[in-house]
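The values are calculated or read from the model by the stated rules, or taken from the named source; none is laboratory data. This is a predicted model, so every value here is computed, not measured. We place every Cβ from the backbone using ideal geometry, glycine too, and count neighbours over all the protein chains shown.
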Amino acid sequence: MRNKKRKPMAEINVVPYIDVMLVLLVVFMITAPLLMQGVKVDLPQAPSEPMDNKEEEPLIVSVKADGSFFLNLGKDQESAKPLPEIQETVAKVLRQKPDTPVLVWGDSAVPYGVVIQAMTSLQAAGAPSVGLVTEPDS
């Protein structure tokens, strides 16, 4: 009885791998909605095409209904910043990474002049083009 040798088992136990895969799936499902950064604004609706996905994460300047400006960069993304400070920060980022897309999230209740002021300030910071973000028509 002792002389019997065990044959090597040629099967892979995949149950632990399936468990890890399901945990990763849950983690990604929870974190995916949190990846959209920026301040909550009521975007206008327009018939538009989605942007091409680029490797660079865009700089997003949000304009709330009261005319306050926010930038999705740094620790304090939820606090309003003056436009010259945002312009200076965007200029620094664009000097390091010139291909970074720059977008403006303007609330639909914001006066047209305030959004144009933000766009001209961003172009003065060195952004070759500034995109406007809208909600697609339903």
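So here's what we get for this one:
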| item | result |
| --- | --- |
| Test: residue in the stretch 53-60 that is surrounded by 15 or more Cβ atoms within 10 Å (Cβ to Cβ) and either modelled with pLDDT of 90 or more or hydroxyl-bearing (Ser, Thr, Tyr) (or both) | no |
| All positions within the stretch 100-138 that are modelled with pLDDT of 85 or more and assigned to a loop (DSSP other than H, G, I, E, B) | THR100, PRO101, ALA109, VAL110, PRO111, ALA125, GLY126, ALA127 |
| Check on GLY113, surrounded by fewer than 19 Cβ atoms within 10 Å (Cβ to Cβ) and more than 20 Å from the chain's Cα centre (by Cα) | yes |
